[in-house]
Every structure is written in structure tokens, then in C-alpha cells.
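Worksheet for the structure shown next.
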Amino acid sequence: MTPFGERVRSLRDAKGVTLKQMATDLSISSAYLSALEHGKRGQPSPQLVRQICAYFGIIWDEAEALERLADLSHPRVTVDSSGLSAKATELANRLSERIGDLDEDTLDRLLTILDAVPPRKTVGVRRVAGRRR
């Protein structure tokens with residue numbers, strides 16, 4: 001599951017809407033919506049994110065938060081560490097090898113560490129079949 005898919009599912013549950021009903025209301029297939037929720041499809045289009053926001057009456061900060069989750073929800077990510085330090089390359093490779101072995105507490109600790117570091121730039125991250133390169 002992706003962060004975006006998890007949030008959409010919680011919004012559906014809170015509103016008491018079935019996946020099939022939401023898909024029908026948004027004029028998308030229920031198979032696509034299910035795959036999106038479960039992280040089996042890439043990031044949703046910005047238009048679909050806006051449709052989902054409108055569907056749930058989400059505005060302002062909450063809409064921006066959902067857009068950010070969509071940006072962070074591509075299930076296959078490639079990290080380009082060329083030009084970075086040897087340690088950065090090692091970290092990227094070790095993380096790719098071990099991410100499936102990390103428990104929720106460890107993931108939370110790593111995310112907290114990353115949140116504490118201000119972003120420099122988005123160069124160096126390429127999403128496979130994604131929008132940013």
C-alpha cells in the first residue's frame with residue numbers, strides 16, 4: 001500500500017463509501033482504484049487527485065497534503081547517487097536491499113531523521129515510469 005492509497009482508503013471508510021461506488025462516481029474502474037490504493041499502480045494524475053479532493057470536499061492544506069502523498073506514492077523509485085558521496089551511494093544501495101526487512105518503528109525513526117533535514121533539491125531522484133526525472 002502507498003501513503004496515498006492508505007489515505008484514500010481511510011477517507012472512503014470514514015465516509016462509508018465502497019470502492020466500487022467511489023470508482024463509479026469518479027468515472028474510473030474499480031480495478032484501477034483498487035490497484036491505486038494497494039500500490040500496484042503508479043502515481044495518480046494531478047487531475048485524479050483533484051477529483052478525489054472534490055469528491056471528499058477536501059480543500060486548502062488537506063488538499064495539499066493529499067497531493068504531497070500522491071507525489072510520495074510511486075511504488076518503484078530509483079535513486080541516482082552519481083555525484084554524491086560514497087556514503088550516500090552505500091546508503092541508497094543498502095536501503096534498497098533492506099527496506100522490506102524494516103519494521104514500522106524503524107521506518108518511523110528513519111522518516112523522523114529525514115524530516116529533520118531540510119531538502120536541498122530534487123535532483124538525484126528519478127522515479128521509474130514516473131513524472132519526475
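The values are calculated or read from the model by the stated rules, or taken from the named source; none is laboratory data. None of the values given here were measured: they were computed from a predicted structure. Here the Cβ positions follow ideal geometry from the backbone for every residue, glycine too, while neighbour counts run over all protein chains shown. Just the protein is used for accessible areas: all its heavy atoms, side chains included, with ligands, DNA and RNA removed. Shrake-Rupley method; radii C 1.70, N 1.55, O 1.52, S 1.80 Å.
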With a cut-off of at most 11 other beta carbons within 10 Å, and DSSP calling the residue loop, which trypsin sites (Lys or Arg not before Pro) in segment 68-117 qualify? Please list them. R76
At a probe radius of 1.4 Å, what is the per-residue accessible area of E104, in Å² to the nearest 10? 130 Å²
Please find, in a Gaussian network model of the chain (springs between Cα atoms separated by less than 10 Å), the residue of L95, L110, L33 whose mean-square fluctuation is greatest. L110
Choice from I99, I113, I28 showing the highest fluctuation, given a GNM over the chain with Cα pairs closer than 10 Å: I113
Where a Cα-Cα gap under 12 Å defines reach, which aspartates and glutamates qualify for K87, not counting those fewer than 8 residues away within the same chain? none
Cross-link partners of K20 among aspartates and glutamates (Cα-Cα below 16 Å; sequence separation of 8 or more within a chain): E37
Choose one answer from T89, T78, T106: the residue with the largest mean-square fluctuation in a GNM of the chain with alpha-carbon springs under 10 Å. T106
With the full set of protein chains in place, find how many percent of the accessible area of the chain is carbon and sulfur; take the probe as 1.4 Å. 54 percent
With a 1.4 Å probe and every protein chain left in place, work out the accessible area per residue of the chain in Å², rounded to a whole number. 71 Å²
Remind me, relative contact order of the chain in percent, using alpha carbon pairs under 8 angstrom and six or more residues apart? 25 percent
If you build the Cα gyration tensor of segment 1-125 and take the root of 5 times each eigenvalue, what three semi-axes come out, in whole angstrom, biggest first? 31, 15, 14
